[in-house]
Amino acid sequence: MRGAVHAPFAVPEPITPVGFLDEFKRWRLARQGLSSGKKRRVHCESAAMQSLEFSVWVRLALYATFAVGSSVLVLKSSAHSVFSSDPLKGTLCGLILALTALATFHFGREASCRRNSRVVLVLGGMLGHLGVIRLVMSFASDASSPGMFHFLLLPFALAPMLHSVLLGRSIGAFSAVYVSLIGALLVPGHDVLSYLILSLISGMTGVLVTTRVSKRVQLLKAGLLVGAASLLLGLLLGNVQLETLFGPETMGLLEVLGLEAAAAFGTGIATALVVGGLLPVFEGMFQLTTGISWLELSDLNHKLLRRMQLEAPGTFHHSLIVAALAEAAAESIGANAQLCRVCSYFHDVGKLKKPEYFIENQHDGAENPHDALTPTMSALVIIAHVKDGVDLAVKHKLNPRIIDVIQEHHGDSMVAYFYRKAQEQKKSELEKVEKGLGNPEDLPHVEEKNFRYPGPKPRAVESGIVSLADSIESASRSLKKPTPAKIRGMIDDIVKARIDDGQLDECALTLRELSKVKESFATTLRSMLHSRIDYPKDDDSKASAASRRADTQKMVAPPPLERDATRGGRSLRGDAAA
């Protein structure tokens, strides 16, 4: 397979009968100019990675590591914590809190963290957060710091912000709660309440302001807000009395206040910078994509999109309209609108292999290449654009979510036009055979499976939205004098046909969401297919224009007498004067 990595001295696999048939079919298509003769790239994970990702034993090992790690951190901090007199009791409390966190995570967050790599990200991020808290508190306990200064140096929002941006608000809130509870065992006894309040409020603030991050500057704003929240709580919980600011110790108190403000805002900004720097690393390691990355991927200067603009302009314009439809529909139900927009740009990228075989790229008066093909062969060419798209996407290292949408946007639906055309041809040949004008052995063999896409069906909400937007945009081209009623009727018919064909059986779209999606499609299409006023071009308008030109000439031209008097070289006024 092209693009695969082979060992230097790997033994070639024997060609099985099935493999020989595949090679023979590929050779025949290559002879007809319908294939390159090479196997396409495919998008799939290795069996070993799949087993590790979903292994129960690996997950149990990760849970055990988190529980033991939390207990060890509490035990190491026992000399400076509330359990300084009884380290074993503190370790037991840390273990109980860790097990509670694991139970909450396993039974409450299973839908968003099915993969073990997500478990590593969540639990490892929490352990790293607790390790930083332990390190800062160990330095603060050895140094003399005024007021709440040492607390304001703690990055309370580190793990919650990171998890919120990468995995969503739910995981971020879970992280904020349990790093606060377990972290309270790492601080001195008289500071436990202050730490809990600061950590919970600051962490939740970081989660709330990083729900939909699409620009890196939003992370800096989040860091400033977290710093402001920490400073305000530090003033409320600290030893600074605002009424004493106007007494004899004003300068000293203002100096402490300045140090605390610098610590709070500096820590918040530093946390935002660290999270922003770690995002690309974690996105690559755990195959995640944030709003920032989707915004970067929406650049139309991508190599494939530039090729599409030049080689398949009709497909490119179709993709832009599908992107507008899908993005608006995703926003109406709270789905990932940026993902829908980017995936719509690339969903038909496979048409770059043979753009002239698709009607949107055919010019008026040009010869249709399908006229020289049988319906079965035409359907084969049309269906191949899905696998060709996956091949190009893997070659150009596109995001896995984009590749999923390319595979799923047609599901296993039928190429109905060529299927009906094949049936009509078979019926015509059958009539000839009945009249004795044809050979029964020459009857074309029409099977429905040869006219269906390979699938799979749309599974994610975004895949279902892009699939519907693709069909609706294509059908809207055939509307003559579109009205709101026609547009809504077309949308209802297409969605109903998709449901009846089972194309949305595996999709997570609910009926309520589907109703909102249809309404969004109708609104967007009405704005795109609106009618314009026909301006009149009759004889009256031409006559009025001619009369206006005549009036203008009369105003500019001299009177008849004056014009005649100037013929002899002297004017009438000159004669009168003489």
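A few points about this structure:
- In the range 309-354, the qualifying residues are those that are of a type in the set (Gly, Ala, Ser) and touching a Lys or Arg at 6+ places or on another chain (Cβ under 6 Å), and the one that is farthest from residue 379 (Cα to Cα) is 332.
- Flag for residue 385 being buried (at least 20 other Cβ atoms within 10 Å of the Cβ) and closer than 20 Å to residue 310 by Cα: yes
Here is a yes/no grid of residues against (1) of a type outside the set (A, V, I, L, M, F, W, C); (2) surrounded by fewer than 19 Cβ atoms within 10 Å (Cβ to Cβ); (3) assigned to a helix (DSSP H, G or I):
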{"residue": "94", "(1), (2), (3)": "yes, no, yes"}
{"residue": "99", "(1), (2), (3)": "no, yes, yes"}
{"residue": "103", "(1), (2), (3)": "no, yes, yes"}
{"residue": "107", "(1), (2), (3)": "no, yes, yes"}
{"residue": "114", "(1), (2), (3)": "yes, yes, no"}
{"residue": "120", "(1), (2), (3)": "no, yes, yes"}
{"residue": "124", "(1), (2), (3)": "yes, yes, yes"}
{"residue": "129", "(1), (2), (3)": "yes, no, yes"}
{"residue": "132", "(1), (2), (3)": "no, yes, yes"}
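- Of the helices (runs of 4 or more DSSP H) entirely within the range 310-397, those holding at least 3 residues that are farther than 25 Å from residue 524 by Cα and touching a Leu at 6+ places or on another chain (Cβ under 9 Å) occupy 375-395.
- All conditions but one from (1) outside any loop (DSSP other than H, G, I, E, B); (2) in contact (Cβ under 8 Å) with a residue 40 or more places away in the chain; (3) over 19 Å from residue 326 (Cα atoms) apply to residue 481; the one that does not is (1).
- Residue in the range 355-363 that is crowded, with 20+ Cβ neighbours inside 10 Å, modelled with pLDDT of 90 or more and either among the charged types (D, E, K, R) or not assigned by TED's automatic domain parsing to the domain that holds residue 405 (or both) present: no
- The combined condition, being over 13 Å from the mean Cα position of the chain (by Cα), surrounded by fewer than 24 Cβ atoms within 10 Å (Cβ to Cβ) and either farther than 17 Å from residue 406 by Cα or of a type in the set (Phe, Trp, Tyr) (or both), is fulfilled by residue 314.
- Screening the candidates 453, 535 for the property of being over 28 Å from the mean Cα position of the chain (by Cα) and modelled with pLDDT under 95 yields one hit, 535.
- Residue in the range 435-443 that is part of a loop (DSSP other than H, G, I, E, B), over 27 Å from the mean Cα position of the chain (by Cα), in contact (Cβ under 8 Å) with a residue 24 or more places away in the chain and over 21 Å from residue 333 (Cβ atoms) present: no
- Residue within the range 298-308 that is over 30 Å from residue 475 (Cβ atoms) and in a helix (DSSP H, G or I) present: yes
- Residue that is farthest from residue 341 (Cα to Cα), among those in the range 171-212 that are surrounded by fewer than 23 Cβ atoms within 10 Å (Cβ to Cβ) and within 19 Å of the chain's Cα centre (by Cα): 211
- Single match in 409, 396 (criterion: exposed (fewer than 15 other Cβ atoms within 10 Å of the Cβ) and either within 24 Å of residue 284 (Cβ to Cβ) or in contact (Cβ under 8 Å) with a residue 12 or more places away in the chain (or both)): 396
The values are calculated or read from the model by the stated rules, or taken from the named source; none is laboratory data. Just so you know, these numbers come straight off a predicted model, no measurement behind them. Cβ: placed from backbone, ideal geometry, glycine included. Neighbour counts: every protein chain shown.
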